[in-house]
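Structure, as structure tokens:
The values are calculated or read from the model by the stated rules, or taken from the named source; none is laboratory data. Predicted, not measured: the structure shown is a model, and the values here were computed from it. In this analysis, Cβ positions are derived from the backbone assuming ideal geometry, glycine residues included, and neighbour counts consider all displayed protein chains.
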Amino acid sequence: MASLVRLLEWIFFFYFFSHIPITLLVDLQPILPSSWYPQEVLDLMKWYVVSFKDHMMMNPPAWFLSFVYCEALVQLPFFPVAAYAFYKGGCKWIRIPAIVYSAHVATTVIAIIAHVLFGEFQKYNGVDPPNQKERLTLVSIYAPYLVIPLLILLTMLFSPRYKQEEKRKRR
């Protein structure tokens, strides 16, 4: 059991560590000036949006932008802290922040996936709305950002390594 938890901690470390450049280079593009990005990064985003018909990144609705602002202001500062905690392993102090993070992210990604599956998309900048196969492909791109936070949540809630032990002095 301890080796499984340690494996999960390594997965969580890579998730948080890799999420730093992903957030800075990709996820924040809808809210930051394009002049802050090299042309290659802007071209990569354009290729992604057109190839995968991710209309949320192409023409983000207000609710999606609110998630991006949360990622910038709340999640991004947490990423190096969480990466450190899971790299080190067994840091009980990360339990409550990780529960808050994972519950928040899982909730936002469920909304994103529901929108991808059931939302109405208009033709935008020559990009047609996604068909069912393209919607499922887009869901598969967002799915790891649901699955890993759920694994974090379950690990923090049920792993003996992260359960907080009450220490009461008996008189």
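Would you kindly identify the helices (runs of 4 or more DSSP H) lying entirely within the range 1-89 that contain at least 1 residues that are in contact with a helix residue (DSSP H, G or I) (Cβ under 9 Å, 6 or more places away or on another chain) and under 17 Å from residue 142 (Cα atoms)?
In the range 1-89, 2-22, 39-52, 55-58, 62-70 are the helices (runs of 4 or more DSSP H) which contain 1 or more residues that are in contact with a helix residue (DSSP H, G or I) (Cβ under 9 Å, 6 or more places away or on another chain) and under 17 Å from residue 142 (Cα atoms).
What residue, of 84, 101, 48, is touching an Asp or Glu at 6+ places or on another chain (Cβ under 8 Å) and surrounded by 14 or more Cβ atoms within 10 Å (Cβ to Cβ)?
Going through 84, 101, 48 in turn, just one is touching an Asp or Glu at 6+ places or on another chain (Cβ under 8 Å) and surrounded by 14 or more Cβ atoms within 10 Å (Cβ to Cβ): 48.
When you look at residue 116, is it of a type in the set (Val, Ile, Thr), touching a Lys or Arg at 6+ places or on another chain (Cβ under 8 Å) and more than 21 Å from residue 16 (Cα to Cα), yes or no?
yes
How many residues, within the range 140-165, are without any contact (Cβ under 8 Å) to a residue 60 or more places away in the chain, under 22 Å from residue 88 (Cβ atoms) and of a type in the set (A, V, I, L, M)?
Number satisfying all stated conditions: 3.
Consider residue 102 carefully, then state whether it is among the hydroxyl-bearing types (Ser, Thr, Tyr) and without any contact (Cβ under 8 Å) to a residue 40 or more places away in the chain.
So residue 102 fails the test.
If residue 9 passes every condition in (1) surrounded by 15 or more Cβ atoms within 10 Å (Cβ to Cβ); (2) under 26 Å from residue 131 (Cβ atoms); (3) at pLDDT 95 or above; (4) acidic (Asp, Glu) but one, which one does it miss?
(2)
Might you check whether a residue that is touching a residue at least 12 places away in the same chain (Cβ under 8 Å), of a type in the set (Ser, Thr, Tyr) and in contact with an Asp or Glu (Cβ under 9 Å, 6 or more places away or on another chain) occurs anywhere in the range 132-139?
No: zero hits.
Any chance the range 72-80 includes a residue that's of a type in the set (Phe, Trp, Tyr), at pLDDT 95 or above, touching a His at 6+ places or on another chain (Cβ under 7 Å) and more than 28 Å from residue 133 (Cα to Cα)?
Among the residues of the range 72-80, at least one is of a type in the set (Phe, Trp, Tyr), at pLDDT 95 or above, touching a His at 6+ places or on another chain (Cβ under 7 Å) and more than 28 Å from residue 133 (Cα to Cα), which makes the answer yes.
How many residues does the range 107-136 contain that are crowded, with 16+ Cβ neighbours inside 10 Å and either part of a helix (DSSP H, G or I) or among the charged types (D, E, K, R) (or both)?
Of the residues in the range 107-136, 8 are crowded, with 16+ Cβ neighbours inside 10 Å and either part of a helix (DSSP H, G or I) or among the charged types (D, E, K, R) (or both).
Let's see how each residue does on (1) modelled with pLDDT of 95 or more; (2) loosely packed, with under 13 Cβ neighbours inside 10 Å:
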residue	(1), (2)
3	no, yes
18	yes, yes
21	yes, yes
25	yes, no
